[in-house]
Amino acid sequence: MDTINTVTGTCTPGELGRTLVHEHLLIGFPGWHMDAIAPRFRRNDAKARAVEMLRRLQDHGVKTFLDPCPMDLGRDVEFMAECAQESGMRVICTTGAYFEAQGLTYTFKNLPVEDIASIYEKEITEGIGETGIRAGLIKIATGEGKVSDYERKMLQAAARAAKRCDVPLISHTQEGTCGPDQIEIVTAEGVPPHRLLVGHSDGIDDPAYHRRIVGGGAYIGFDRLGIEMILPDDIRLKNITSLVNDGHGRHICLSHDSVCNWLGRPILGEGLVIDDPSMIPQMAPDWTPSHLFERVIPKLREAGVSEEAITTMTDENPARWFAGDEAP
Ligand SMILES: [Zn+2]
């Protein structure tokens, strides 16, 4: 693939540069707009916060910010485009939907798989709604432990559209499960495993699970750096270092799944409603998109990971995943 859609135009894989593969400018869980007692969303303040954050990342050499917000989590591609324009950061958005338990599923549950593939294809080739902004890749998602029938259909639709449009797939997994199932489902539709980045694989401290993903030929996301509520970073660092030492560094992509702005109140798990999003930095001080550069990379160096291996993860792997013509 030579041309990647960004929210403000196109670029080539070679132009991506240092890339954060999984961060969010704006997220709202389905139903957020009914939460009338949530703190009011102020678009201009949100944009100013996002632009400032993107500029801070530019100081760390970040050239591309991938926001894989699914369609059903408050995706706002015009907001993304405004933030990209004001900051000068390259931003890439996705088409695709979230997993069954937390998504907005009624319509897609009832549409045939081919219609869903056509919807994804339209958002990649023609644009999202009336915006003319085109998705650069497709988000897929599965729940904990088992892929539901709905999720299987959505993965099949995504794989068909990915094949027709020659774009990669980025995934959500829950608690570090079902990554190998995702590989199996999309490859059965004819998508090579190296077009899939299995996201949130750092949600489980299971070296054998990580090796099933890299062994299956996919990219693996250690993309929740700094979310120590799920797992301490020391465990992520141990697992990254071990994968690099075993020769799997060309499979690893690093990111934080940070959220710059929330629509409604963040719900960070069953019953875990955060009344005020401004409390999150106290709860998870390292959950910021610059944490990788400020604290994680220095620790990787201390653990003996080479400069070359670090650049492979931050710069080369995202470009190779998008280009798609070469396995890791
Ligand atoms: Zn995410």
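The values are calculated or read from the model by the stated rules, or taken from the named source; none is laboratory data. Since this is a predicted model, take the numbers as computed values, not measurements. Please note: Cβ atoms are built from the backbone with ideal geometry, for glycine as well, and neighbour counts cover all protein chains shown.
Here are a few things to note about the model shown:
- Where a residue in region 257-278 is under 17 Å from GLY103 (Cβ atoms) and in contact (Cβ under 8 Å) with a residue 24 or more places away in the chain and its partner, wherever it lies, is more than 14 Å from the ligand (Cβ to nearest atom) and among the aromatic types (Phe, Trp, Tyr), with Cβ under 6 Å and at least six apart: LEU263/TRP32; LEU263/PHE41; GLY264/TRP32
- Some residue of region 212-224 being within 16 Å of the ligand (Cβ to nearest atom), more than 17 Å from GLU144 (Cα to Cα) and assigned to a loop (DSSP other than H, G, I, E, B): yes
- Residues satisfying the stated conditions in region 246-287, i.e. part of a strand (DSSP E or B), within 16 Å of the ligand (Cβ to nearest atom) and modelled with pLDDT of 95 or more: CYS253, LEU254, VAL259, TRP262
- When we screen ASP2, ASP45 for residues that are modelled with pLDDT under 95 and either of a type in the set (Val, Ile, Thr) or away from the ligand (no atom under 16 Å from the Cβ) (or both), the only hit is ASP2.
- Set side by side, the residues GLU175, GLU121, GLU114, GLU130 differ, and just one is more than 17 Å from the chain's Cα centre (by Cα), assigned to a loop (DSSP other than H, G, I, E, B) and of a type outside the set (Lys, Arg), which is GLU130.
- Of the residues making up region 1-42, those that are in a loop (DSSP other than H, G, I, E, B) and aliphatic (A, V, I, L, M) are MET1, VAL7, LEU16, VAL21, LEU25, LEU26, ALA36, ILE37, ALA38.
- When the criteria are applied in full, MET89 fails the requirement of being hydrophobic (A, V, I, L, M, F, W, C), touching a Phe, Trp or Tyr at 6+ places or on another chain (Cβ under 9 Å) and either within 16 Å of the ligand (Cβ to nearest atom) or at pLDDT below 95 (or both).
- Residue among GLU189, GLU184, GLU228 that is under 28 Å from ARG295 (Cβ atoms), surrounded by fewer than 24 Cβ atoms within 10 Å (Cβ to Cβ) and not aliphatic (A, V, I, L, M): GLU228
- When PRO39 is tested against (1) within 24 Å of LEU104 (Cβ to Cβ); (2) modelled with pLDDT of 95 or more; (3) not acidic (Asp, Glu), only condition (2) is not met.
- LYS153 meets the conditions (1) away from the ligand (no atom under 16 Å from the Cβ); (2) over 24 Å from TYR106 (Cβ atoms) in every case but one. The failed one is (2).
- Residue list for region 31-81, restricted to those being within 21 Å of the chain's Cα centre (by Cα) and on the phi > 0 side of the Ramachandran plot: GLY61, GLY74
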